[in-house]
Structures are given as structure tokens and as C-alpha cells.
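The values are calculated or read from the model by the stated rules, or taken from the named source; none is laboratory data. Since the model is a prediction, treat every value here as computed from it, not as a measurement. No Cβ is skipped: glycine too gets one built from the backbone with ideal geometry, and neighbour counts run over all protein chains shown.
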Amino acid sequence: MLKDLLNEFLLTGETDTAWQISAQTAALADSLRAKVFNITEDNVSQVVLERSQLLKLVFPTFQQFCETHLQMPTLAMLQVLWDLWLPLAMKIAGSRQNLDRAFVQGILGGQGTGKTTMCQGLSLILQQLGYSTLCLSLDDLYKTYSERLALQQQDSRLIWRGPPGTHDINLGLSLLDQIRQGKSSVLVPRFDKSAYAGAGDRTTPEIVTNIDIVLFEGWFVGVLPIDPQVFITAPPPIITEADRVFACDMNEQLKAYLPVWERLDSLLVLDPHDYRCSLTWRKQAEQKMIATGKSGMNDPQIEEFVNYFWRSLHPELFIKPLLKSPKVDLVIKVNTDHSFSTIYSNTY
């Protein structure tokens, strides 16, 4: 119903009383979401007005983004734009206004939860709001190919990039500190996953100027070390004693990332209803890639790959407890079809 009204609004550019009432009712219907975005009966009419004006402003760029990057009809993402991305971008912009420096928003989510897509969408909106936004991935902080080869010789268990210990922490700290200190121009590291037959390597860094907001995403951004005793009764695929030792060692490596997490001003989590959805989503992504003629992993290879990451930082052990932590400002539940459901905050 609301999607149809949004489409009508975009076609006509006008909102009648019925449209406004429907939009206001929908904005207040979910009390948790309304609280997150500070929507009350007193201000809902103003909120809907401001959001609709921003929607009109953003829509042409958003439409192109959907067609070019998502390869899907704009209407399929319109509800997400209205219910989540627009109010979230406005919330982030408000947080930036309260600081005299760049605002760093952490975005945590497993494979397939939509971290990269969300960063790109938020960046488009924030640009329309007048903010220069940097999308930064934890992947951009990987050690070089040669450094990771040397690392693998020291520890043969590090067969893939990704787990704690495979990133250049000092590089990340230096970058975030330069941005927070207001340096006008910074060199942002970038990573080419296709280099060295998929092993990946650093590529030419990007020169970025006058950054207002950083959207820093990754599969364990903000994740904290846990009590190693937990691994005694850990869930699969942590099964053998070797698995438990590996999990303990990765947990220990995670401590080195804490100074990076301290540079985050806020942390949101994209939380799938079942962490095992990541395996299904990865298989779907690989099948889609293979269908276009590109090379990809078969199902057994994907299962081995995903299980490797679950053995290093198991979502049930590391992310589930974090969802109740005051260190997380926002939790967004992700459905199996990649749509969003519950949105709530631990800080209220």
C-alpha cells in the first residue's frame, strides 16, 4: 500500500491529505523503529514532509543506482529507501552536525547481509544532504599479497584472507586518525580481490578530500574478544580440538583490533534471522556469477570457505552477545529474502 503511494508521489510530486495520513500512520506503526528515528505523534508530520522532500531530491540518482549496481527495478528497493535508508542517513547526518570532526559509522554484518549495498545507498543520500562520505571496507585494510604469503608460512591455517591477523591495523588506525583530525586530503587504501588469481592485493590508493562521514563496513567490524572458555562447548563447525585452538587463536588476534573499534562513533549490526543464511546467499551469488560466464566456486568449495570463517569467528559466539551490548547503537534484522524487518536500538 505505502509502496504504491510512494510511487504515486514520485510520479506526481504531490501529496494529498490521504497520502500524508497513510505515511504518518506507517511511520508510527512500528514503535521500535519510530523510537530509533525519533518519530513521535508531535513531529511525525514534519518528519514525513522532510523525508518526502529528500526522496524527491535523491530519487533520480537512486534510480540510476538500482539499474546500474543492483540490476533490479527501482520499485523493488523503494520501500527500503523510504523506511530505512532515508531516515538512517538523516540520523547519521544529525550525528555529524553534533561533532566538530568527521563522524565514523561502523557497519557490521556477515556475508550477504547487504553491507556494501547499504553503504553505497547511504552515501548517495548523504551526498544530497551536502556531506562528503567515504565508504571504507575492512577488506581495504588487508595486508599486501607478499605479507600474507609470509604470514601463511608462519601459520599454515591462514589459508584465506579475512580472519583477524590478515589486516594492517596500523594502516587503519593512521587513516581513521587522519580523518578524525580533519586532514583535508587523505590516501585511502583500496584492495583488488581479483589480483593473483583471486588471492587479492593492494591496488592504487584513492585520494579523498574533506571527508565528513566514514561508513566503515566489514564482517567483524566492532566485534569484541570473548571468554575462551566458551570454545569448549562451541557449535559446529568448531568440532575438533584443532578447531578450538584455531578459534582461540583468532579470538586472541581480535584484541589487536580494539584500538580501531575505539575510533567508531557508532556501530550498527545487520543481523540475519539465521546466520546460516550467509551460506545460502553465498551459493546464490556464486551461481549468478557463474551464469554470467565468470569463474566461481562450486557448492562444496563454498561450504568449506564459509565454514572456515565460522570457525575463526562464529556468529553465535561473537555477534549474538554483541546484539545486546550498549556498544551497538542499532540492530537491523535481515530476512532470508534480504528484506529488513525489525529495527531497534540498545541505547534506549
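Numbers at a glance
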quantity: Selection count where residues are among the basic types (Lys, Arg) and either outside the structural domain of residue 216 (by TED's automatic domain parsing) or part of a loop (DSSP other than H, G, I, E, B) (or both), scope the stretch 148-160; calculated: 1
quantity: Residues (more than 21 Å from the chain's Cα centre (by Cα), touching a residue at least 12 places away in the same chain (Cβ under 8 Å), surrounded by 14 or more Cβ atoms within 10 Å (Cβ to Cβ) and assigned to a loop (DSSP other than H, G, I, E, B)) located in the stretch 161-194; calculated: none
quantity: Residue match in the stretch 126-133 (condition: in contact with a helix residue (DSSP H, G or I) (Cβ under 6 Å, 6 or more places away or on another chain), touching a residue at least 24 places away in the same chain (Cβ under 8 Å) and within 30 Å of residue 197 (Cα to Cα)); calculated: no
quantity: Qualifying residue in the stretch 226-241 (condition: part of a loop (DSSP other than H, G, I, E, B), of a type in the set (D, E, K, R) and modelled with pLDDT under 95); calculated: no
quantity: Only listed residue being surrounded by fewer than 19 Cβ atoms within 10 Å (Cβ to Cβ), in contact (Cβ under 8 Å) with a residue 24 or more places away in the chain and closer than 20 Å to residue 217 by Cα, chosen from 104, 80; calculated: 80
quantity: Sole exception among (1) of a type in the set (S, T, N, Q); (2) in contact with a strand residue (DSSP E or B) (Cβ under 8 Å, 6 or more places away or on another chain); (3) outside any strand (DSSP E or B) for residue 204, by number; calculated: (3)
quantity: Residue within the stretch 244-258 that is within 26 Å of residue 307 (Cβ to Cβ), among the basic types (Lys, Arg) and out of contact with any helix residue (DSSP H, G or I) (no Cβ under 6 Å at 6 or more places or on another chain) present; calculated: yes
quantity: Elements of type helices (runs of 4 or more DSSP H) in the stretch 61-147, at least 2 residues being outside the structural domain of residue 171 (by TED's automatic domain parsing) and either of a type in the set (A, V, I, L, M, F, W, C) or closer than 29 Å to residue 26 by Cβ (or both); calculated: 74-80, 86-97
quantity: Listing of strands (runs of 3 or more DSSP E) fully contained in the stretch 259-348 that carry 1 or more residues being of a type in the set (Ser, Thr, Tyr); calculated: 266-272, 340-344
quantity: The stretch 292-348 - residue that is touching an Asp or Glu at 6+ places or on another chain (Cβ under 7 Å) and of a type in the set (Lys, Arg) and, of those, surrounded by the fewest Cβ atoms within 10 Å (Cβ to Cβ); calculated: 333
quantity: Of all residues making up the stretch 239-259, the number that are within 26 Å of residue 107 (Cβ to Cβ) and in contact with a Phe, Trp or Tyr (Cβ under 9 Å, 6 or more places away or on another chain); calculated: 4
quantity: Qualifying residue in the stretch 262-274 (condition: among the acidic types (Asp, Glu), touching a helix residue (DSSP H, G or I) at 6+ places or on another chain (Cβ under 8 Å) and modelled with pLDDT of 90 or more); calculated: yes
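Yes or no, residue by residue, for (1) aliphatic (A, V, I, L, M); (2) more than 27 Å from residue 90 (Cβ to Cβ):
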residue: 133; (1), (2): no, no
residue: 137; (1), (2): no, no
residue: 169; (1), (2): yes, yes
residue: 185; (1), (2): no, yes
residue: 196; (1), (2): no, yes
residue: 203; (1), (2): no, yes
residue: 224; (1), (2): yes, yes
